[in-house]
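What follows is a short report on a single structure.
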Amino acid sequence: MVAVIAAVLLLGVPTAILVIAFAGVGDGASPTASDRDEGDGAGDGDTDEGAEDPSADADDPAPDADDPAPDADDPGDDAPETGDVPDDPDVPPVALDGLQGVDAQFGQLLTDIDRSERTMIAFQDDLSALFEGTGPGDADIVDAITELATERREQLLDAREPLRSSLEDERAETVRESYLRHLESWAIYMAAVAEDPNVLTGEGTATGYTLDINSSADRFSRTLEDELPDDSDAEVAAFAEGILDRGFRTEGSADV
């Protein structure tokens with residue numbers, strides 16, 4: 001029997017990590033970076049496919065479509081439906097029409113990054129909604145977590161596709177490579193959650209998947225601040241600011 005204790009948001013940035021205080025699932029061991037291929041990286045955009053992805057060769061972790069529907073009082077009925085990635089009115093996209101040269105490359109890159117970021121945020125928001133009102137004995141929530149992680153990961157991999165292509169401008173390319181590493185760390189994390197919801201344990205949050213996600217987020221933030229040209233188009237610079245403020249900065253961080 002699974003005992004779900006609570007959902008706890010830790011760390012001040014939305015895309016750093018959502019940690020679930022989770023107890024009584026299987027053996028209860030939380031995976032760490034040593035549990036997967038240490039050679040995983042994202043510089044060439046192909047690493048996620050070559051890494052030892054927990055869901056790559058496993059049976060589909062999502063619930064079988066032929067399984068009977070849950071009872072009306074089943075906690076799984078309250079699980080949020082995974083849908084499209086919502087827009088963020090607080091971070092309006094840049095108008096790509098009319099941008100030229102380096103501004104056009106950064107504008108498109110930031111647009112692709114924003115789509116990825118909103119997918120990660122949607123995953124965390126859905127997890128938070130899933131755990132609202134749950135308590136000890138809500139065992140069926142595990143299936144809902146598995147399905148949610150599987151579907152949001154597929155959306156994240158779709159968002160990854162345009163980010164796999166190299167850019168001509170060296171500065172934009174440096175930012176792309178840095179962000180792709182962050183995206184890959186999230187894709188691996190979501191796959192691990194889909195395979196085993198024990199990954200959502202609050203234990204060991206300073207190592208393993210959470211360390212990869214948070215350290216790659218910090219590297220990307222610093223890289224974008226360093227590489228975005230000082231004479232960038234005003235809308236491009238504002239878009240970069242919005243992305244960093246929403247998901248990567250804490251109080252006192254430097255502006256772009």
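Points worth noting:
- Residue within region 168-183 that is touching a strand residue (DSSP E or B) at 6+ places or on another chain (Cβ under 9 Å) and of a type in the set (Ser, Thr, Tyr) present: no
- Scanning region 207-238 for residues that are among the β-branched types (Val, Ile, Thr) and either closer than 9 Å to His182 by Cβ or open to solvent by 20 Å² or more (accessible area, probe 1.4 Å) (or both) gives Thr207, Ile213, Thr223.
- Some residue of region 195-204 being open to solvent by 40 Å² or more (accessible area, probe 1.4 Å), free of Cβ contacts under 8 Å to residues at least 24 places away in the same chain and not in a helix (DSSP H, G or I): no
- Number of the exception - Glu168 against (1) in a helix (DSSP H, G or I); (2) over 16 Å from the mean Cα position of the chain (by Cα): (1)
- Single residue of region 65-102 satisfying the filter (small (Gly, Ala, Ser) and either more than 30 Å from Glu132 (Cα to Cα) or out of contact with any helix residue (DSSP H, G or I) (no Cβ under 8 Å at 6 or more places or on another chain) (or both)) that is modelled with the lowest pLDDT: Ala72
- Subset of region 102-118 (residues that are open to solvent by 50 Å² or more (accessible area, probe 1.4 Å) and farther than 18 Å from Met190 by Cα): Gln108
- Selected residue [modelled with pLDDT of 90 or more and assigned to a helix (DSSP H, G or I)] from Asp158, Asp143: Asp158
- Scan of region 119-135 for residues that are open to solvent by less than 40 Å² (accessible area, probe 1.4 Å) and of a type in the set (D, E, K, R), ordered by number: Asp126
- With respect to the conditions (1) modelled with pLDDT under 95; (2) acidic (Asp, Glu); (3) under 30 Å from Gln100 (Cβ atoms), Glu195 falls short on a single one, namely (3).
The values are calculated or read from the model by the stated rules, or taken from the named source; none is laboratory data. Here the structure is a predicted model, which means the values were calculated and not measured. FYI the Cβ positions are ideal-geometry reconstructions off the backbone, even for glycines, and counts take in every protein chain you see. Ligands, DNA and RNA are stripped out before the accessible areas are found, and what is left, the full protein with its side chains, is counted by its heavy atoms. Shrake-Rupley method; radii C 1.70, N 1.55, O 1.52, S 1.80 Å.
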